[in-house]
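The values are calculated or read from the model by the stated rules, or taken from the named source; none is laboratory data. All figures in this text were calculated on a predicted structure; none of them were measured in a lab. Counting neighbours? That spans all protein chains shown, and the Cβs are built from the backbone with ideal geometry, glycine included. Protein only, heavy atoms only, side chains kept; ligands, DNA and RNA dropped before computing areas. Shrake-Rupley method; radii C 1.70, N 1.55, O 1.52, S 1.80 Å.
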Amino acid sequence: MCPYALDGPNRGDTVARLIAAPRLAMRPLLMEHTAVALNERQGLIAGRRLAWELRSHPGGPGLLAAFAAHLDEQEWAVWEVRRALLRRADGKTRAARSLTTIVRGGRQEMTAALERVSARLGIDVERDGPHRRVHVARRQAAPSVEHAFVLAPATAQEKTSKPFAKMWMTALAEVDTVDRQKEIRL
């Protein structure tokens with residue numbers, strides 16, 4: 001079952017099929033959960049999330065309860081997510097990302113690991129529904145960097161885009177310059 005069928009006129013039919021086949025629904029739900037954990041701007045349905053859709057459909061809350069149990073069975077990880085955002089000559093934003101696994105284990109163990117990261121950095125764990133993040137630097141308008149430690153299922157692939165290292169250093173330098181200019185104005 002294609003989770004991308006949710007973004008269209010047959011959304012209700014697709015949601016009904018997922019509710020009728022809970023075992024098949026676990027894959028798109030897990031994919032969305034992981035994607036949203038790693039990037040809170042994500043979701044499978046153009047600006048919305050499958051989990052939100054399921055809450056309002058008959059049988060949806062039961063499927064979400066089954067999914068919560070399914071999540072507990074997964075291997076989890078603390079991920080380091082870094083994004084560099086630079087302004088292109090045409091005014092649009094160019095982004096590069098690095099996704100790295102810090103440690104893997106059971107859900108409770110990884111929740112405790114994220115709490116240790118939080119304590120070591122002196123930054124609170126942010127809770128966004130079922131998602132947990134420690135934001136070191138938040139995304140702003142480009143030039144900007146985003147840096148977070150995130151609790152998520154260990155289902156994503158580590159990846160660093162080719163231009164990331166250079167863009168990260170450039171964005172850090174530009175953000176530092178912009179921050180210093182703001183301080184001078186104050």
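For this structure, a couple of remarks:
- ARG133 falls short on exactly one of the conditions (1) touching a strand residue (DSSP E or B) at 6+ places or on another chain (Cβ under 7 Å); (2) closer than 20 Å to ASP72 by Cα; (3) open to solvent by 20 Å² or more (accessible area, probe 1.4 Å), and that condition is (3).
- If you go through segment 80-93 and pick out every residue that is free of Cβ contacts under 8 Å to residues at least 60 places away in the same chain and either open to solvent by less than 30 Å² (accessible area, probe 1.4 Å) or touching a strand residue (DSSP E or B) at 6+ places or on another chain (Cβ under 7 Å) (or both), you end up with 3.
- Scanning segment 94-106 for residues that are touching a helix residue (DSSP H, G or I) at 6+ places or on another chain (Cβ under 7 Å), open to solvent by 30 Å² or more (accessible area, probe 1.4 Å) and in contact (Cβ under 8 Å) with a residue 40 or more places away in the chain yields a count of 1.
- Condition check for GLY60 on (1) open to solvent by 60 Å² or more (accessible area, probe 1.4 Å); (2) modelled with pLDDT of 85 or more; (3) in contact with a helix residue (DSSP H, G or I) (Cβ under 9 Å, 6 or more places away or on another chain); (4) not aliphatic (A, V, I, L, M): one failure, at (1).
- For GLN74, the stated conditions do not hold, so it cannot be described as surrounded by fewer than 12 Cβ atoms within 10 Å (Cβ to Cβ) and modelled with pLDDT of 90 or more.
- GLY122 vs. criteria open to solvent by 30 Å² or more (accessible area, probe 1.4 Å) and either under 18 Å from the mean Cα position of the chain (by Cα) or at pLDDT 95 or above (or both): no
- Pairs with Cβ under 8 Å, 6+ apart, first in segment 118-136 and in contact (Cβ under 8 Å) with a residue 12 or more places away in the chain, second of a type in the set (Ser, Thr, Tyr) and in a helix (DSSP H, G or I): ARG132/THR111; VAL134/SER118
- Any helices (runs of 4 or more DSSP H) falling wholly within segment 47-124 and containing at least 1 residues that are aromatic (Phe, Trp, Tyr): 50-55, 60-73
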